[in-house]
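Undergrad: Below are the structure tokens for one structure; questions will follow.
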Amino acid sequence: MGALPGAGLPEGEAKARAVREMFDTIAPRYDLVNRIITFGLDRRWRRTAVDSLELSSGSMVLDVACGTGDLCLELSSRALRPVGIDLSIGMLTHARTAAPLVQTDALEMPFAPATFDGAISGFALRNVVDLGGLFVELARVVRPGGKISLLDVETPSNPLLRAGHSIYFGHVVPRVGSLLSDRDAYRYLPRSVAYMPPAETTLSLLREAGFFNTQRKLLSGGITQLITATRSPTQGATR
């Protein structure tokens, strides 16, 4: 994994390489560790994210950084048609979904404009090299009027919850990850929150990219955030 455990978080191509190698490494036990460290709450968060898309049966949905396919499975169970992309071949190799899967960089997706009725992602925003660039690409491949639903981690604002959250994700999660998977990968999890810009900056980037009705909802006491937006009827991003 190289740069991830060090004092400074990697940027640019070094970040992309480190993230890809990390997910290749943890792919075999990724689902097991997720269930344990979130106490199964990750399933509830994914259901909430799919609910927020409010798409009709048969709609085509892009799952960005699909991993092993949890969101693809949830989308399929709602009679939606998912297509998953991920940078990590290891994650795609261990995917448990029958949905079409493509190994690609989310910043350069091999899809025509307005291909999808909506898009979704689970805990991927802090792992991309260029968040604004990702939003521009989503605006390109999602049809006008289509909705996106993006999950990621957050730090609770309540002081007591924040303190408990810091202890758990800073100390307990890396130990669980070390026992069941890869220590360095799960040391990265609490540190990677630093990649996320302030909430208003994220929403502003979405608006600049070509989305409106941008909203942010905190889940489970503020340890997770759900960001939703609708693709503008006008073509082209302003960014």
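The values are calculated or read from the model by the stated rules, or taken from the named source; none is laboratory data. What you see is a predicted model; the values in this text were computed from it and never measured. Virtual Cβ from ideal backbone geometry, glycine too; neighbours counted across all protein chains shown. Note: accessible area is taken over every heavy atom of the protein model, side chains too, but ligands, DNA and RNA are not part of it. Shrake-Rupley method; radii C 1.70, N 1.55, O 1.52, S 1.80 Å.
Undergrad: Relative to the Cα centre, what is the charge dipole magnitude of the chain, using +1 at the beta carbon of each Lys and Arg, -1 at the beta carbon of each Asp and Glu, and rounding to the nearest 20 debye?
TA: With only Lys, Arg, Asp and Glu charged at Cβ, the dipole is about 520 debye.
Undergrad: Also, I was wondering about something else. Hey, with R₀ at 25 Å, roughly what FRET efficiency would Thr104 and Arg29 work out to, going by the Cβ-Cβ distance, to 0.05?
TA: Result of the calculation: an efficiency of 0.55.
Undergrad: Can you quote the Å³ per residue value for the convex hull of the Cα atoms in the chain, rounded to an integer?
TA: 112 Å³
Undergrad: What does the charge count around Pro144 come to, taking other residues whose C-beta lies under 14 Å from its C-beta (Lys +1, Arg +1, Asp -1, Glu -1)?
TA: Spelling it out: positives minus negatives among the neighbours equals +3.
Undergrad: Just add up the charged neighbours of Glu154: K/R +1, D/E -1, any other residue whose Cβ is under 15 Å from the Cβ of Glu154.
TA: +2
Undergrad: Let me ask something else about it. Please check the chain for the longest run free of GluC sites (Glu not before Pro) that are loop-located per DSSP (anything but H, G, I, E, B) and have at most 14 other Cβ atoms within 10 Å.
TA: 109-239
Undergrad: Would you mind getting the accessible area per residue of the chain, heavy atoms of the protein chains only, 1.4 Å probe, in Å²?
TA: It amounts to 44 Å² per residue over the chain.
Undergrad: Of all DSSP beta bridges in the chain, what percent run antiparallel (nearest 5)?
TA: Percent antiparallel among DSSP bridges in the chain is about 45.
Undergrad: Hey, another quick one. Using the Cα centre of the chain as origin and beta-carbon charges of +1 (Lys, Arg) and -1 (Asp, Glu), tell me which of Phe111, Gly84, His171 is placed farthest towards the positive end of the dipole.
TA: Towards the positive end, the residue furthest out is His171.
Undergrad: Tyr195 versus Ser220, label points 7 Å from Cα toward the beta carbon: distance in nm?
TA: If labels sit at Tyr195 and Ser220, their model points lie 1.9 nm apart.
Undergrad: Mind pulling the angle between the C-alpha long axis of helix 41-53 and the longest principal axis of the chain? Nearest 10 degrees, somewhere in 0 to 90.
TA: Tilt relative to the chain: about 10 degrees.
Undergrad: Counting Lys and Arg as +1 and Asp and Glu as -1, what is the net charge of the other residues whose Cβ lies under 14 Å from the Cβ of Gly177?
TA: Neighbourhood net charge equals +3.
Undergrad: Near the amide H of Ala119, under 5 Å away, which other amide H atoms are found, from residues 5 or more places off or on another chain, if H is placed in the peptide plane?
TA: Correct list: Leu62, Lys147, Ile148, Ser149.
Undergrad: May I pose another question? Considering the options Pro190, Ala229, Leu219, tell which one lies farthest towards the positive end of the dipole of the chain, charges being +1 on Lys and Arg and -1 on Asp and Glu at the Cβ, about the Cα centre.
TA: Leu219
Undergrad: For the Cα atoms of the chain, what angle does the longest principal axis make with the long axis of helix 131-141, in degrees from 0 to 90, nearest 10?
TA: Helix 131-141 sits at roughly 30 degrees to that axis.
Undergrad: Could you give the Stokes-Einstein D for the stretch 55-171 in µm² per second, using the C-alpha Kirkwood radius, 20 °C, 1.002 mPa s?
TA: In µm²/s, the coefficient rounds to 142.
Undergrad: Nearest 20 debye, what's the magnitude of the dipole of the stretch 34-94 about its Cα centre given +1 on Lys and Arg Cβ and -1 on Asp and Glu Cβ?
TA: Rounded to the nearest 20 debye, it is 180 debye.
Undergrad: Can you tell me the orientation of helix 199-209 relative to the chain, as the angle in degrees between its alpha-carbon axis and the longest Cα principal axis, to the nearest 10?
TA: 30 degrees
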